[in-house]
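This report refers to the structure that appears directly beneath it.
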Amino acid sequence: MKNILYLASQSSSRKSLLVQTGIPFEVFKQSADEHACDWTLPLEQLVESIALHKMESLDMSVIADKQRIWVLTADTLGQDEHGTIYGKPLDYDDAVLQLKKQRNQWARVATSFCLEHKVCDAGQWRTDKRIIQTIVSSIYFSIEDAEIDTYIHSSGALQCAGSITVDGFGAQHLKEVKGSYSNVIGLPLYEVRQALKELEFFND
């Protein structure tokens, strides 16, 4: 029987990416408060702290009849050329503001993932091995005022960092990307696969 990756994320984009890889996975619900982290940190440190906070907030009591599992958490944030960091928009108006501030410039997108191999000893879960990695890509996203309303209503912008989504409907507004494309969507697939190999996920 193949091992199963537990994805502790509600992101539809991350789920879609994993489906495309063929890696067996199940969604593990988590409700960590991202705002409990220090948002004054630099982009890479902040996004890493959120991914780690999500991992440390998991309720492992819901996992039964397993002796070892692999769990993945992740977080994605954006940053404009002035250094302002963007998470998910608060509402429609906030999404419009985020888009106007970031468009027609090179913006940075950072995704950090935390992958753990956990083992159960005497009914208690412990972390056997952990890999944390942060990947940063750059994007040039171009959208005009008249296009914003349709874009927000036709994409998953309200669930994306900086209100920018570059797959599906949003792909037509992506002029250029430097770095990992899947990282911009929400999960750097190459690096995740290498981490899974390092933690022997593919060993039956």
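The values are calculated or read from the model by the stated rules, or taken from the named source; none is laboratory data. What you see is a predicted model; the values in this text were computed from it and never measured. Cβ: placed from backbone, ideal geometry, glycine included. Neighbour counts: every protein chain shown.
Restricting attention to segment 1-13, which residues are touching a residue at least 40 places away in the same chain (Cβ under 8 Å) and outside any helix (DSSP H, G or I)?
Within segment 1-13, 1, 2, 3, 4, 5, 6, 7, 8, 9, 11 qualify.
Condition check: in contact (Cβ under 8 Å) with a residue 12 or more places away in the chain, of a type in the set (S, T, N, Q) and surrounded by fewer than 21 Cβ atoms within 10 Å (Cβ to Cβ). Does residue 154 satisfy that?
yes
Of the conditions (1) more than 28 Å from residue 152 (Cα to Cα); (2) without any contact (Cβ under 8 Å) to a residue 24 or more places away in the chain; (3) surrounded by fewer than 16 Cβ atoms within 10 Å (Cβ to Cβ); (4) of a type outside the set (Lys, Arg), residue 53 clears all except one; give me its number.
Among (1) more than 28 Å from residue 152 (Cα to Cα); (2) without any contact (Cβ under 8 Å) to a residue 24 or more places away in the chain; (3) surrounded by fewer than 16 Cβ atoms within 10 Å (Cβ to Cβ); (4) of a type outside the set (Lys, Arg), residue 53 violates only (3).
Tally the residues that are closer than 23 Å to residue 197 by Cβ and part of a helix (DSSP H, G or I), restricting the search to segment 14-41.
Matching residues across segment 14-41 total 8.
Just need a number here: residues in segment 171-204 that are free of Cβ contacts under 8 Å to residues at least 40 places away in the same chain and in a strand (DSSP E or B).
Of the residues in that region, 3 qualify.
Within segment 23-30, is there a residue that is under 15 Å from the mean Cα position of the chain (by Cα), surrounded by 19 or more Cβ atoms within 10 Å (Cβ to Cβ), farther than 19 Å from residue 137 by Cβ and of a type in the set (A, V, I, L, M, F, W, C)?
Yes: segment 23-30 contains one or more residues that are under 15 Å from the mean Cα position of the chain (by Cα), surrounded by 19 or more Cβ atoms within 10 Å (Cβ to Cβ), farther than 19 Å from residue 137 by Cβ and of a type in the set (A, V, I, L, M, F, W, C).
If you take the residues of segment 147-204 that are of a type in the set (Phe, Trp, Tyr) and within 29 Å of residue 119 (Cα to Cα), which of them is modelled with the lowest pLDDT?
202
Of all residues being of a type in the set (Lys, Arg) and outside any strand (DSSP E or B) in segment 92-140, which is surrounded by the fewest Cβ atoms within 10 Å (Cβ to Cβ)? Just the residue, please.
Here the answer is 100.
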